[in-house]
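Q: Pasting a structure here, questions to come.
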Amino acid sequence: MFELVYCCVILSAMRYFLLFLLQFVCFFADAQLNMTLLSHVDYNPTHNSGCSNLWGYTDELGNEYAIVGLNKGTSIVDVTDPVNPVEKFFLADSNSIWREVKVWGDYAYITTEEHAGLLIIDLSPLPASTVLPNYRFFGDISNPFSSAHSLFIDENGILYIHGANRGNGGVIFFDLSVDPINPPEVGSYDAHYVHDSYARGDTLYTANIVDGFFTVLDISDKSNPIVLATQNTPNNFTHNTWLSDDGKYLFTTDEVSNASIASYDITDMGDIKLLDQVKSNPGSGSIPHNVYYYQGWLITSYYRDGVVIHDAHDPYNLIEVGNIDVSPLSGNGFNSIWGVYPYFNSGTIIASDIENGLYVFGRTLVRGAMLHGTVTNFSDGSPIFNATISILNQSVNTSSDLAGNYRTGLGQSGVFDIAFSKPGFFPDTLFNVSITNGDTTFANMALVPFTPISVSGQITEVGSGIPIAGAQVVFKNNDFTFSAISDASGNYSIPSMYQGQYNQVCGHWGHWNNCDLVDFQSSVNTRNILLEKGYYDDFALDFGWTVFSGADGGNWVREIPIPAGLPDGTPSNPHYDVLSDCDLICFQTGNQAGTAATADVDGGPAILTSPVFDATQYTDPWIGYERWFFNYVGQGPPNDTLKIMITDGIDTVIAESITVDNTPTSQWVSSGFQISALMVPSSSMQIIFYTEDDWILGANYLEAAVDRFYISEGNQLGLSEQAQENMSWKSYPNPSNGFIHFWFDDVKSSSHQVKIFDLSGKCLKNLNIPFSGYGIQLDLSPGIYFLTSENYPTIKLIISE
């Protein structure tokens, strides 16, 4: 009996192991192209350590070594036999998650941010001996550094130290050719914090990660670098730069989610041109790290996306031709592959995995299968700019340039269907197009244009029917945005737009916005719009709020939020606007992808002021809004404030003073106040949102935002009784004169069926609410009603006189 149970346990274990192995094999089958996993060195059992960056070294006999920065030191592994790597040397060091490695001659140079200076390891004893002398270097004794983020060494032995704890953390130049162990300092560039660089000859290309651009410097005189050019990178978080062999093209990465590898023509420093940008696994949110150029190919380390190879022989058309992913993780996050080294003569590629150690890969370098063509207008033959070209079922998309031309391709040959589209034109597809590695296939398309339609109407006030002059109306969808402003009679006209569904936003300062989903199919369309009297602004439209900034950065901007935050995922600025409004826009301080420090308020005040409003038209005016506040330790305790103030043009009073001690941070918070509790309501009032970085007491990260400003009659800051308990949906304003909006806690595009009952339980209306924020005029008598929607609690609605 024991033997039988034992055998069953063994068989069960084998079954689960085989299932795991099958899943592992399937994972790699789906996650590699022209690359193979040869071996793996796990440092957790031997050194209990994760990895950072790495580099390669080849000794005088042609033996190849991986020099790997670990959290707890530096490891040197012989990878001459890539299937059987052997660690030859380990040097314990201070614990650090950042180590960067480069090699010049027979010396390895390693930086760290743990104030251990520059580690120098003499590799010349290899392979005969693994007793490798090592040294510490802190720079010139009169102006030393103890930590640095990264380094680069050019062909002449000039060592470039980046992000040192000296000055602004720019670049310090040392000449290794004079003394590889104690090199003299020969110059520096300290105008910006520099994260990384590439240098060749007398030119240096710095990656200014915080500023979001690269700088090109003439360093023929190392003591006096001269700026030749600067260029923003696509995602404004420039991580590294690398130069093509002919020096005509530069390649960069931005270390943020869903960012690009980019190529530039730098032959004219006065006119640097962005040529192409590509993403591995587009839309996944993965983050590129380091890109390197090797004989016409780009080899890039990608967090959570492994190692990726692009054919860059044509820098206008970067084509992914190789990849391998050793991580089960995907999407946004700083995990898995940190660094890659592609320069061994054998063709072996090594990569460092943050959690799992050293990986050794084989690779086959192939040219891309290229697809070129021109997109034109069928009616007149004119080129179509920004048409979308998609290789179906391959996640490959590109767009046409001003001349209608496009370039794209795949990493492998095949027969594919090619789809062409452009807003305002009927989409079309070319079927069974054959493309081949190393060749160029040409595929042209002429698209048939839509027939234009017209839309016009009148904008009037709810109840009074008074025409509203100067009202803004916008119709937009994923393809188009059309807008108009009403004249003195409230009339507007858009003489040329296209058939289809549009989200409508109409508004005017002194009225509530009207949001709706409309479908225009006729050649001539009439669309009359009602606006409810009152003050409301969700910033879907520009009503003329004014911005003043005495800060060095982080000014108030009216934009769709771009996610940024702390490494642990805590958002510093809103990742989305308030859901209960008409659009995706809010006012916020700064708005750039990256970290909390990328675009926060720095060194002064950022002030947002509303247009003038008349509070005397209310009996008891209350102001409501949604606010966001983030203040995090940088160089001192969080000590900044968001002040909300009210003014009548003469006196100004603080209504709220927001700090980390009195409000939830990193989230939208509903708030507001009664005007008469602070001052007498007048016809010339404004609200002010004032925030300032108190850098004198300690600089830290500061962000603020505001959305859905409104004035209500009486206290409407809370939701209805039921909705206060269940923040899942609401109608507003509530009480209402009959014109109400609906908000749901799911996505804006979701439609909902809403039923309205009277006190007797009779169903009076069955409404289709197409999206959250939708507004509608209800033809109901004053009284109490109940609103229901599937899977949501009942709401009490009050219709006032």
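The values are calculated or read from the model by the stated rules, or taken from the named source; none is laboratory data. Just so you know, these numbers come straight off a predicted model, no measurement behind them. With ideal geometry, Cβ positions are generated from the backbone for all residues, glycine too; neighbour counts draw on all protein chains shown. SASA here: full protein model, heavy atoms, side chains in, ligands and nucleic acids out. Shrake-Rupley method; radii C 1.70, N 1.55, O 1.52, S 1.80 Å.
Q: Tally up the residues in segment 503-525 that are of a type in the set (A, V, I, L, M, F, W, C) and either in a loop (DSSP other than H, G, I, E, B) or farther than 30 Å from residue 621 by Cα (or both), please.
A: First, the residues of segment 503-525 that are of a type in the set (A, V, I, L, M, F, W, C): 505-506, 509, 512, 515, 517-518, 520, 524.
Of the ones still in play, those that are also either in a loop (DSSP other than H, G, I, E, B) or farther than 30 Å from residue 621 by Cα (or both) are 509, 512, 517-518, 520, 524.
So the answer is 6.
Q: Report, by residue number, each residue of segment 488-502 that is open to solvent by 70 Å² or more (accessible area, probe 1.4 Å) and either touching a residue at least 60 places away in the same chain (Cβ under 8 Å) or not in a strand (DSSP E or B) (or both).
A: Selection gives 488, 499.
Q: How many residues, within segment 614-645, are part of a loop (DSSP other than H, G, I, E, B) and surrounded by fewer than 16 Cβ atoms within 10 Å (Cβ to Cβ)?
A: Looking only at that region, the number is 7.
Q: Could you list, in sequence order, all residues of segment 529-572 that are out of contact with any helix residue (DSSP H, G or I) (no Cβ under 9 Å at 6 or more places or on another chain), closer than 18 Å to residue 470 by Cβ and not in a strand (DSSP E or B)?
A: 532, 539, 540, 541, 542, 543, 544, 545
Q: Which of the numbered conditions does residue 474 fail, given that it passes all the others? Conditions: (1) touching a Leu at 6+ places or on another chain (Cβ under 9 Å); (2) within 30 Å of residue 319 (Cβ to Cβ); (3) part of a strand (DSSP E or B).
A: For residue 474, the exception is condition (2).
Q: On to the next question. Filter segment 529-564 for residues that are aliphatic (A, V, I, L, M) and under 25 Å from the mean Cα position of the chain (by Cα); which is most open to solvent (accessible area, probe 1.4 Å)?
A: The residue in question is 560.
Q: Residue 480 fails exactly one of the following numbered conditions: (1) open to solvent by 60 Å² or more (accessible area, probe 1.4 Å); (2) in contact (Cβ under 8 Å) with a residue 12 or more places away in the chain; (3) under 30 Å from residue 392 (Cα atoms); (4) under 34 Å from the mean Cα position of the chain (by Cα). What is the number of that condition?
A: (1)
Q: Now, a different point. Considering segment 218-230 alone, what residues qualify as being surrounded by fewer than 21 Cβ atoms within 10 Å (Cβ to Cβ) and in contact with a strand residue (DSSP E or B) (Cβ under 8 Å, 6 or more places away or on another chain)?
A: 218, 221, 222, 223, 224, 226, 227, 228, 229, 230
Q: In the set 207, 229, 164, 199, which member is at pLDDT 95 or above, of a type in the set (Gly, Ala, Ser) and within 23 Å of the chain's Cα centre (by Cα)?
A: Answer to the selection: 207.
Q: Now, a different point. If I filter segment 590-598 for residues that are over 26 Å from residue 678 (Cα atoms) and either open to solvent by less than 10 Å² (accessible area, probe 1.4 Å) or charged (D, E, K, R) (or both), do I get at least one hit?
A: Yes, some residue in segment 590-598 is over 26 Å from residue 678 (Cα atoms) and either open to solvent by less than 10 Å² (accessible area, probe 1.4 Å) or charged (D, E, K, R) (or both).
Q: Something else: Using beta carbons and a limit of 6 Å, which pairs, at least six apart or on different chains, have the first residue in segment 704-717 and closer than 11 Å to residue 536 by Cβ and the second one outside any loop (DSSP other than H, G, I, E, B)?
A: Here the result reads 708/626; 709/537; 709/625; 710/536; 710/624; 711/621; 711/623; 712/622, each pair linking segment 704-717 to a residue that is outside any loop (DSSP other than H, G, I, E, B).
Q: Now for a different question. If a residue must be within 16 Å of residue 574 (Cβ to Cβ) and in a loop (DSSP other than H, G, I, E, B), how many such residues does segment 588-613 contain?
A: Selection size over segment 588-613: 9.
Q: For residue 204, work out the one condition from (1) over 26 Å from residue 280 (Cα atoms); (2) open to solvent by less than 10 Å² (accessible area, probe 1.4 Å); (3) not in a strand (DSSP E or B) it doesn't fulfil.
A: Unmet condition: (3).
Q: Quick test of your reading of the structure: residue 61 fulfils all but one of (1) outside any strand (DSSP E or B); (2) open to solvent by less than 90 Å² (accessible area, probe 1.4 Å); (3) more than 14 Å from residue 359 (Cα to Cα); (4) modelled with pLDDT of 95 or more. Name the failing condition by number.
A: (2)
Q: Tell me which of these residue 284 doesn't satisfy, since it passes every other one: (1) modelled with pLDDT of 95 or more; (2) in contact with a Ser or Thr (Cβ under 8 Å, 6 or more places away or on another chain); (3) surrounded by fewer than 21 Cβ atoms within 10 Å (Cβ to Cβ).
A: For residue 284, the exception is condition (1).
Q: Restricting attention to segment 565-575, does a residue exist that is in contact with a His (Cβ under 8 Å, 6 or more places away or on another chain) and modelled with pLDDT of 85 or more?
A: So far as segment 565-575 goes, no, none of its residues is in contact with a His (Cβ under 8 Å, 6 or more places away or on another chain) and modelled with pLDDT of 85 or more.
Q: While we're here: Which members of segment 142-186 meet the condition of being open to solvent by less than 10 Å² (accessible area, probe 1.4 Å), in contact with a Pro (Cβ under 7 Å, 6 or more places away or on another chain) and assigned to a strand (DSSP E or B)?
A: Of everything in segment 142-186, those that are open to solvent by less than 10 Å² (accessible area, probe 1.4 Å), in contact with a Pro (Cβ under 7 Å, 6 or more places away or on another chain) and assigned to a strand (DSSP E or B) turn out to be 159, 174.
Q: Suppose we keep only residues that are modelled with pLDDT under 95 and touching a strand residue (DSSP E or B) at 6+ places or on another chain (Cβ under 6 Å) within segment 235-253. Which one would you say is least open to solvent (accessible area, probe 1.4 Å)?
A: Taking segment 235-253 as the starting set, the residues that turn out to be modelled with pLDDT under 95 are 235-237.
If we keep only those that are touching a strand residue (DSSP E or B) at 6+ places or on another chain (Cβ under 6 Å) too, we end up with 235, 237.
Details: 235: 35, 237: 17 Å².
My answer is 237.
Q: Name, by its number, the condition in (1) within 20 Å of residue 375 (Cα to Cα); (2) surrounded by fewer than 18 Cβ atoms within 10 Å (Cβ to Cβ) that does not hold for residue 470.
A: Just one mismatch for residue 470, condition (1).
Q: For residues that are more than 14 Å from residue 442 (Cα to Cα), among the aliphatic types (A, V, I, L, M) and either under 26 Å from the mean Cα position of the chain (by Cα) or open to solvent by 30 Å² or more (accessible area, probe 1.4 Å) (or both), tally how many sit in segment 371-409.
A: The number of residues fulfilling the criteria is 5.
Residue by residue, here is whether (1) touching a residue at least 24 places away in the same chain (Cβ under 8 Å); (2) within 14 Å of residue 334 (Cα to Cα); (3) among the hydrophobic types (A, V, I, L, M, F, W, C); (4) in contact with a strand residue (DSSP E or B) (Cβ under 7 Å, 6 or more places away or on another chain) holds:
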site: 263; (1), (2), (3), (4): yes, no, no, yes
site: 272; (1), (2), (3), (4): yes, no, yes, yes
site: 276; (1), (2), (3), (4): yes, no, no, yes
site: 287; (1), (2), (3), (4): yes, yes, yes, yes
site: 294; (1), (2), (3), (4): yes, no, no, no
site: 301; (1), (2), (3), (4): yes, yes, no, yes
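Q: What single numbered condition from (1) open to solvent by less than 40 Å² (accessible area, probe 1.4 Å); (2) of a type in the set (Ser, Thr, Tyr); (3) farther than 25 Å from residue 61 by Cα fails to hold for residue 330?
A: Of everything listed in (1) open to solvent by less than 40 Å² (accessible area, probe 1.4 Å); (2) of a type in the set (Ser, Thr, Tyr); (3) farther than 25 Å from residue 61 by Cα, residue 330 misses just condition (1).
Q: Continuing with the same structure: Of the residues 800, 750, 772, 720, only one is more than 19 Å from residue 530 (Cβ to Cβ), at pLDDT below 75, surrounded by fewer than 18 Cβ atoms within 10 Å (Cβ to Cβ) and hydroxyl-bearing (Ser, Thr, Tyr); which?
A: After ruling out the rest, the residue left standing is 750.
Q: Follow-up question, since we're still on this one. Considering only residues of segment 73-90 that are in contact with a helix residue (DSSP H, G or I) (Cβ under 8 Å, 6 or more places away or on another chain) and buried (at least 19 other Cβ atoms within 10 Å of the Cβ), which is farthest from residue 151 (Cα to Cα)?
A: 90
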